[in-house]
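What follows is a short report on a single structure.
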Amino acid sequence: MPSLPLILVRPPSPRLAEGELTHLDRVPVDPGLARQQWEGYVAAFADRGWDVVELEAAPEHPDGVFVEDALIVVDRLAVLTSPGAPSRRGELTSTAAGLDRLVDAGVALDVAAISGAGRLDGGDVLEVADVLYVGRSTRTNDQGIAQLAALVKPYGRRVVAVPVSKVLHLKSAVTALPDGTVVGHPPLVDDPGTFGSFLAVPEEHGTAVVDLGDGAVLMSADAPQTAKLYASRGLEVVTVPITEFERLEGCVTCLSVRVRG
Ligand code: CIR
């Protein structure tokens with residue numbers, strides 16, 4: 001019997017409001033509302049039968065809820081990254097411990113890591129079929145990209161580096177629908193021509209989707225026109241409010257890492 005899809009998540013820190021900001025101005029963040037929105041996000045997966053595994057809480061790391069930046073999973077390869085923001089590197093310890101627990105519990109994963117001067121945030125890595133588009137951003141450097149390319153090659157993936165200058169991460173600007181169409185809000189995308197098939201969406205917060213399986217996508221509740229566009233393509237659209245994370249330059253992709261399924 002196939003295994004259920006599994007995601008790793010981490011509850012938000014009470015210090016979320018102190019998280020890193022690159023392109024946005026700091027505005028107040030409500031930790032209680034953030035917790036409520038995070039629970040709604042997790043429920044969107046659990047309600048569809050996904051396994052949800054929580055990493056150890058890390059209250060000392062304001063950005064620890066954005067778990068996708070510290071860990072990339074491609075096929076059965078799990079890569080612990082080397083986050084570009086020094087304030088975020090401490091998140092790796094509990095992420096690695098969570099990964100070890102999964103492996104001990106029998107989840108088949110080969111574990112590797114970005115090392116030395118390589119820098120890589122998972123938010124810069126977009127998988128579309130056998131291509132990994134990797135953003136060259138303020139968080140991800142050429143050494144990180146080259147290390148990732150070597151690690152994923154045996155798994156049949158090739159890396160295509162793309163410029164990211166208008167937003168924090170590649171996946172703040174573009175993600176992909178289940179059919180492989182790359183979606184993005186053109187003012188945020190450095191070069192839409194990079195991607196084989198590109199669909200322009202009308203709202204900034206509509207660019208991030210998570211494939212929930214069975215023709216459904218999860219996205220922010222803050223992009224109603226884009227939700228209609230996706231529904232018109234035959235997708236089931238599940239929306240969740242994530243305002244408190246969007247205020248910290250987060251989106252739906254960065255709050256989980258899909259490990260299996
Ligand atoms: C940061 O700047 O690192 C956090 N405030 C936001 C990270 C969002 N992560 C993502 O889009 N993958």
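Look at Lys166 and say whether it is at pLDDT 95 or above, farther than 21 Å from Gly40 by Cβ and basic (Lys, Arg).
yes
Does segment 124-144 contain any residue that is without any contact (Cβ under 8 Å) to a residue 24 or more places away in the chain, open to solvent by 50 Å² or more (accessible area, probe 1.4 Å) and farther than 26 Å from Gly19 by Cα?
Scanning segment 124-144 turns up no residue that is without any contact (Cβ under 8 Å) to a residue 24 or more places away in the chain, open to solvent by 50 Å² or more (accessible area, probe 1.4 Å) and farther than 26 Å from Gly19 by Cα.
Is it true that Thr194 is buried (at least 17 other Cβ atoms within 10 Å of the Cβ) and polar (S, T, N, Q)?
Judged against the criteria, Thr194 is not a match.
Test of understanding: among Glu56, Glu39, Glu20, Glu60, which residue is within 11 Å of the ligand (Cβ to nearest atom) and either open to solvent by 10 Å² or more (accessible area, probe 1.4 Å) or under 11 Å from Val257 (Cβ atoms) (or both)?
Glu20
Return yes when Val73 is open to solvent by 20 Å² or more (accessible area, probe 1.4 Å), away from the ligand (no atom under 16 Å from the Cβ), within 17 Å of the chain's Cα centre (by Cα) and not small (Gly, Ala, Ser) and no when it is not.
The answer is no for Val73.
Hey, Pro14 hits all of (1) in a helix (DSSP H, G or I); (2) surrounded by 13 or more Cβ atoms within 10 Å (Cβ to Cβ) but one; which does it fall short on?
(1)
The values are calculated or read from the model by the stated rules, or taken from the named source; none is laboratory data. Owing to the predicted nature of the structure, the values given are computational and were not obtained by experimental measurement. As a convention, Cβ positions derive from the backbone with ideal geometry for all residues, glycine included, and neighbour counts pool all protein chains shown. Only protein heavy atoms, including side chains, enter the accessible area calculation; ligands, DNA and RNA are left aside. Shrake-Rupley method; radii C 1.70, N 1.55, O 1.52, S 1.80 Å.
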